[in-house]
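Reviewing the structure listed below.
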Amino acid sequence: MEQFILFLHPMFAIFGVITTVWVFVEILNISENNLKRINIASFSTTIFMIFTWITSGYWYIVYYASDKALILKGPWAFAHSLIMESKEHIFFIILILSLFLPIISIKNNLLNNKKARSLVLVLASLIIFSSLMLEIAGAIISFAVRMSLNNMVVVP
Amino acid sequence: MTILTETKSELDKNTIGFGLASIIVIIFNTILTILKELYSPILTLMKSISVLGVKHHWLVHGLVVVILFFILGWYFSKKEITTINDTFISKAIIWVTILCSLGIIIFFLIEFLK
């Protein structure tokens, strides 16, 4: 169960990144035909990021304590003290940007409003870049747990 | 073929309201992150608050940030804000996101190196 929960949150985050890329591409090719798709894609980004928040929060609160203890005793202690601490708080910035994204697409006529389109592109770029950075941070944390396990001395 | 006609349309007032809220809440998130690490009574208070039977500072932190975003967004959307132009929101969100993310990383780097 722990592994499944651990797997869920980066999966939802990647789905959020994919729908944000979808928003970005639709904005670059905007016409009357894809306005509805932009709203669906931007709203999907919000939903996936909320799912990421819930699943990562559940894993962090319920299961992370044992991994944290392992990491802090291992050779990559910075993976908790620096990477995880930064990751868990930078995530809230992505969450806020994801909550703001559909408000722009729904409340503005994107077809005729260049500034609204620019704002959507800015937000999408920030969400995509920051999310990918946090995915890399997650990989470093997972690797730090493995490093700690490899360094454990097994007493027969 | 659709021809795009650019008008001088401004951003919708909800967009400006929630845009301002985003900027303020992202800064608030960074300040709260640093404050709760440096001033233990805040961390203790956040740990003591129960959300759905769970007491954890990260849970409280996230809920405070999201609730504040909606309250400020709703408040600013009701106001007639004329002093904020469209490009300010875009530029401010870019800079605030970059600087606040870097601020959090640098803060934890300093804490780690102590």
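Throughout, read-outs are computed from the coordinates displayed, never taken from laboratory work. Just so it is clear, the structure is predicted and the values come from calculations on it, not from any experiment. Here Cβ is always computed from backbone atoms with ideal geometry, including for glycine, and neighbour counts include all displayed protein chains.
Based on the alpha-carbon gyration tensor of chain A and its eigenvalue square roots a ≥ b ≥ c, which shape applies: rounded if a/c is under 1.5, prolate if not and a/b is larger than b/c, or oblate? Here chain A falls in the prolate category.
Over every pair of different alpha-carbon atoms in the protein assembly as shown, take the mean of 1/r and invert it; report that Kirkwood radius in Å.
By the Kirkwood definition, the hydrodynamic radius is 19.8 Å.
Between 0 and 90 degrees, the angle of helix B:57-78 with respect to the longest Cα principal axis of chain B falls at about 30 degrees.
What is the mean number of Cβ atoms from other protein chains located within 10 Å of the Cβ atom of each residue in peptide A:77-87, rounded to a whole number? Display every interim value, and only then the final one.
On the way: counts 1, 4, 0, 2, 6, 8, 3, 1, 9, 11, 3.
Other-chain Cβ atoms within 10 Å of each residue's Cβ, averaged: 4.
Taking other residues whose beta carbon is less than 13 angstrom from the beta carbon of A:ILE94, and scoring Lys, Arg as +1 and Asp, Glu as -1, yields -1. Helices that extend 24 Å or more along their long axis by alpha-carbon positions and average at least 0.5 on the Kyte-Doolittle scale are, among the DSSP H runs of chain A, A:2-28, A:35-62, A:85-107, A:114-151.
Among the residues of A:94-103, the average count of other protein chain beta-carbon atoms within 10 Å of the residue beta-carbon is 6. Among the chymotrypsin sites (Phe, Trp or Tyr not before Pro) in the range A:38-67, those placed in a DSSP loop whose Cβ has at most 16 other Cβ atoms within 10 Å are A:TYR63. Shape class for the range B:13-105, computed from the alpha carbon gyration tensor (a ≥ b ≥ c): oblate, with a/c not under 1.5 and a/b at or below b/c.
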